[in-house]
Each structure stands twice: as structure tokens, then as C-alpha cells.
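Read the structure below first, then the notes.
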Amino acid sequence: MVQTAKDYGSDHPATDVRATVSGEMDRVSYKVTGLPKFDQQGQPWTVEGGTWKYDAC
């Protein structure tokens with residue numbers, strides 16, 4: 001996210017954030033103001049070592 005802020009500026013907040021949690025799994029949907037290419041629908045997250053992390057695998 002730091003590189004994205006450098007590339008696009010920091011004035012693009014996430015909006016319409018929705019999460020569906022089931023145990024240690026989560027699906028997150030959100031929009032990024034002014035940068036629709038970063039919008040997500042059902043992005044998977046999981047708990048690893050007690051911390052929520054994006055499950056990119």
C-alpha cells in the first residue's frame with residue numbers, strides 16, 4: 001500500500017467495505033475512491049498467528 005500511495009497519492013480511501021467472517025476465514029469487498037482497478041469483491045483473508053492476513057495463495 002505504501003507504493004500505491006506513492007504512485008497514486010493518499011487521497012483514495014476505501015469505501016463500501018463489507019466483510020463476511022466465518023471462523024478464521026473472511027471475505028472482504030470494498031471500493032477505492034477514484035481507482036476502480038483496485039476495487040475488490042470477496043477478497044479472501046485468514047487468521048495466521050493471531051493476525052488477519054490477505055490470503056493471496
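The values are calculated or read from the model by the stated rules, or taken from the named source; none is laboratory data. Since the structure is predicted, the reported quantities are computational estimates derived from the model, not experimental observations. Glycine also receives a Cβ, built like all others from the backbone with ideal geometry; neighbour counts cover every protein chain displayed. These accessible areas exclude ligands, DNA and RNA; they are computed on the full protein's heavy atoms, side chains included. Shrake-Rupley method; radii C 1.70, N 1.55, O 1.52, S 1.80 Å.
Please list, in chain and number order, the residues 5+ apart from Asp55 or on another chain whose amide H is under 5 Å from its amide H, with Hs placed from the backbone.
Counting only residues 5 or more places away or on other chains, the set is Trp45, Thr46.
Quick one: if you stick a label point 7 Å off each Cα along the C-beta vector at Val47 and Arg27, how many nm between them?
Distance between the two pseudo-spin positions: 2.0 nm.
Using a 1.4 Å probe over the heavy atoms of the protein chains, calculate the carbon and sulfur portion of the accessible area of the chain as a whole percent. Write down the numbers at each step before the final one.
On the way: 2380 of 4410 Å².
Carbon and sulfur: 54 percent of the exposed surface of the chain.
Can you give me the pair-distance distribution of the chain, C-alpha pairs, 5 Å bins, whole percents?
5, 17, 23, 22, 19, 10, 4, 0
By how many nm would the segment from Lys6 to Asp39 grow when fully extended, if each residue of separation counts as 0.36 nm and the alpha-carbon distance is taken off?
Taking Lys6 through Asp39 to full extension adds about 10.1 nm, to one decimal.
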